[in-house]
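To start, the structure under review is shown below, and the notes come after it.
The values are calculated or read from the model by the stated rules, or taken from the named source; none is laboratory data. In this text, all values refer to a predicted model and were calculated from it rather than measured experimentally. As a convention, Cβ positions derive from the backbone with ideal geometry for all residues, glycine included, and neighbour counts pool all protein chains shown. Please note that ligands, DNA and RNA were not included when accessible areas were found on the heavy atoms of the full protein model with its side chains. Shrake-Rupley method; radii C 1.70, N 1.55, O 1.52, S 1.80 Å.
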Amino acid sequence: MLTRVPRIAPSEITPPEVYFSRRTLLAGALASMASASLPAVEGAPPAQSALGYRRNPQYSVSEPPNRLEDIAGYNNFYEFGTDKESPSRYAHTLRTRPWSVTVQGEAEVRGSFNLEDLLKGQALEERIYRFRCVEAWSLVVPWVGFPLSDLLARFKPTSNAKYVEFTTLYDPAQMPGQRSGVLNWPYVEGLRIDEAMHPLTLMVVGLYGRVLPNQDGAPLRLIVPWKYGFKSIKSIVQIRFSARQPNTAWNVAAPQEYGFYANVNPQVDHPRWSQASERRIGAPFLAARQPTLPFNGYAAQVASLYQGMDLRRYF
Ligand code: MTE
């Protein structure tokens, strides 16, 4: 299963100012754009443009990544259906340009911001992270993005901001799965502010050196590597800073099965299955099952965030 990340020829790489740019770039600092709804993007780049980034070995695991083919057609994105193949089949209806993100709540800088402006000047990094789904399968993926903390700091959260809530686009015309009642739409996730500001928490715009495919949550998604995959919300259109713990989509749908914290914990089983081991997607059948690690192997970096908490109760 495990091979090298596909190489991209330098000639294929689109410079950052082009792949997320509009024909007319808006001048001015992010702060000055608060409350401004900015005009539409024209000339959207091809979905699979190569990205410019630098590798960040400090935050990468040494395990070799999956092959892109292992994961390209195996997704959870209920907005396009509940099985693993539907997102890659149907997510082409998602329009990722123009894209804007609304920032609300306990922050000094609020408003609606175009994706290009949010990404302007942002250095992209590649980080190879383990990713573990609550359904007991796992992947190793080279994500391309930047620390969420860099973005959140630009909005100047107030001292009342104890949590951050993220919301996915709601548009049943583009996301046909939203016509079903499987979840209470739109999909919402949340983090405690210290979890959101942790250097491992990544705002992701690409994988395998390229712009995110729609099925992986284009154009902007979260990756929180020490938590079950459902915390890693896709296609984000809203960020809200709040004093109270947000109601999240899975916690509302089945509170006894999906807690707010959702830290990967082999000692706390899902009520319907064990979390003690996981199946590595793409691995040969006999080698595929491996023990699950506390915090998905990131305990040294994040366990201190939960000191004194009973993680059986706050599962
Ligand atoms: N985000 C949205 N908006 N809708 C979803 O259904 N599924 C979550 C998470 N983010 C989901 C979502 C779950 S359960 C998992 S395991 C991961 O996305 C899967 O990410 P991947 O398809 O890129 O592997």
(message) Let's see if you can work this out: charge +1 on each Lys and Arg Cβ, -1 on each Asp and Glu Cβ, no other charges. What is the dipole magnitude of the stretch 199-315 about its Cα centre, in debye to the nearest 20?
(response) 160 debye
(request) Provide the per residue accessible area, probe 1.4 Å, for the stretch 218-292, rounded to a whole number of square angstrom. (result) 40 Å²
(request) Over all alpha-carbon pairs in the stretch 164-242, figure out the percentage whose distance exceeds 17 Å. (result) 47 percent
(message) Per residue of the stretch 81-89, what does 6.51 cos²θ - 1.76 cosθ + 1.60 with θ = phi - 60° give for ³J(HN,Hα)? Whole Hz please, x for Gly and Pro, Karplus curve as stated.
(response) x, 9, 9, 6, 8, 4, x, 5, 7
(request) May I ask you to give the percent of accessible area on the stretch 177-315 that is carbon plus sulfur, with a probe radius of 1.4 Å? (result) 54 percent
(message) Calculate the FRET efficiency for Arg192 and Ala283 from the Cβ-Cβ distance with a Förster distance of 25 Å, rounded to the nearest 0.05.
(response) 0.15
(request) Kindly identify the stretch 46-129 as rounded, prolate or oblate by the Cα gyration tensor criterion: order the square roots of the eigenvalues as a ≥ b ≥ c, call it rounded if a/c is under 1.5, otherwise compare a/b with b/c, prolate if a/b is larger, else oblate. (result) oblate
(message) Quick check: with the 1.4 Å probe, what order do Glu106, Glu116 take by accessible area, largest first?
(response) Glu106, Glu116
(message) Which of the three applies to the stretch 115-163, rounded, prolate or oblate, going by the alpha-carbon gyration tensor with a ≥ b ≥ c and a/c under 1.5 meaning rounded?
(response) oblate
(message) Suppose we take every Cα in the stretch 203-315 and form the convex hull; what volume per residue is that in Å³?
(response) 150 Å³
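Tell me the per residue accessible area of the stretch 66-169 using a 1.4 Å probe; a whole number in Å² is fine.
Roughly 34 Å² per residue, with all protein chains present.
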(request) Averaged over every viewing direction, what's the projected area of the C-alpha convex hull for the stretch 159-199? Give it in nm², one decimal, please. (result) 4.0 nm²
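Classify the stretch 126-274 from the C-alpha gyration tensor, please: rounded if a/c falls under 1.5, else prolate or oblate depending on whether a/b exceeds b/c.
Cα axes put the stretch 126-274 in the rounded bin.
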(request) Consider a paramagnetic label point 7 Å from the Cα of Ser180 along Cα→Cβ; state which residues of the stretch 63-98 have an amide N under 19 Å from it. (result) 73-94
(request) State which entries of Lys120/Lys162; Lys162/Lys227; Lys156/Lys227; Lys84/Lys120 exceed 22 angstrom in Cα-Cα distance in the structure shown. (result) Lys120/Lys162; Lys156/Lys227; Lys84/Lys120
(request) Please report, largest first and rounded to whole Å, the three semi-axes of the ellipsoid equivalent to the stretch 91-213, where each semi-axis is the square root of five times an eigenvalue of the C-alpha gyration tensor. (result) 23, 20, 17
